[in-house]
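Notes to accompany the following structure.
The values are calculated or read from the model by the stated rules, or taken from the named source; none is laboratory data. No experiment lies behind these values; they were computed from the predicted model shown. Here the Cβ positions follow ideal geometry from the backbone for every residue, glycine too, while neighbour counts run over all protein chains shown.
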């Protein structure tokens, strides 16, 4: 493999059928069952960082120029994303130093806003570029390349969501969140749009997704943005931790009573031992790199903060292996 390094250092690819390659290690590759290779270097800040590649185990495949170009574009996108992640870490280090000063809250907000811009802008470009490439070459893409594009899309959206959660938590902790109370229709202006946003994703997992309105009056008085984030995070949590069954949004309000919204799922549930830590920032029931489900532990912490801000009552009913029911009650 060492004889490939000079190619990678020159930003060149290794591409072709193993048996036809003029490399000393091709016999070793054949023993590993590799018949064809397409390896492209990943560069971060103009420094060789790693390799993105595809291989075939069954057939000898001649990689097309289009396939090589797509993998090179993906490698470039990954390198760019890593550069932005490093910028994010540098900004976070600067934030920690700023916290020690009298102007820490203001500086923290400014740094996080800058971080959002620095990460969001290139990530959105990467996602748009990947989408254009996939649509342009849809009929020519192998299953491996389709999977690569799906991974790029999911990773990009995950980064954007993490940035949003960090910014939202920072606004609350520093006291700069702009709370605007108003009267609005929670079903029409919050829950139905969220239902539409999540429908395709949830149903793609073969999970039933329903919204049931049994309320005679849908008007509530609260801060609409934070209420939207409450249910966005709860529904996202249900989506991430439910692999079969269904997710239901139930709205009810009887005459002269408070409006209640339930988000009920048939997911993995929450153990009674973990329930007391559920709303702690960065807390997760399954920790470490081997955990099955994604998440950064900020979503439900924000839900709790936003509920307190709007004077909403939140209750959770859950059994491990059965599912969870998040119940939000608005003031009368």
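Here are a few things to note about the model shown:
- Among the numbered conditions (1) surrounded by fewer than 16 Cβ atoms within 10 Å (Cβ to Cβ); (2) closer than 25 Å to residue 150 by Cβ, the only one that residue 44 does not meet is (1).
- Annotation note: of 251, 268, the sole residue that is at pLDDT 90 or above, farther than 29 Å from residue 220 by Cβ and in the same structural domain as residue 324 (by TED's automatic domain parsing) is 268.
- The selection criterion, being surrounded by 15 or more Cβ atoms within 10 Å (Cβ to Cβ) and under 30 Å from residue 250 (Cβ atoms), holds for residue 168.
- Subset tally (residues that are closer than 21 Å to residue 252 by Cβ and within 30 Å of the chain's Cα centre (by Cα)) for segment 197-219: 7
- Identity of the residue in segment 53-79, touching a helix residue (DSSP H, G or I) at 6+ places or on another chain (Cβ under 7 Å) and crowded, with 19+ Cβ neighbours inside 10 Å, that ends up farthest from residue 162 (Cα to Cα): 67
- Unique residue being at pLDDT 80 or above, assigned by TED's automatic domain parsing to the domain that holds residue 166 and not in a helix (DSSP H, G or I) when the list is 78, 51: 51
Residue by residue, here is whether (1) part of a loop (DSSP other than H, G, I, E, B); (2) touching a helix residue (DSSP H, G or I) at 6+ places or on another chain (Cβ under 7 Å); (3) closer than 29 Å to residue 167 by Cα holds:
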position	(1), (2), (3)
214	no, no, no
217	yes, no, no
225	no, no, yes
230	no, yes, yes
233	no, yes, yes
237	no, yes, yes
244	yes, no, no
247	no, yes, yes
258	yes, no, no
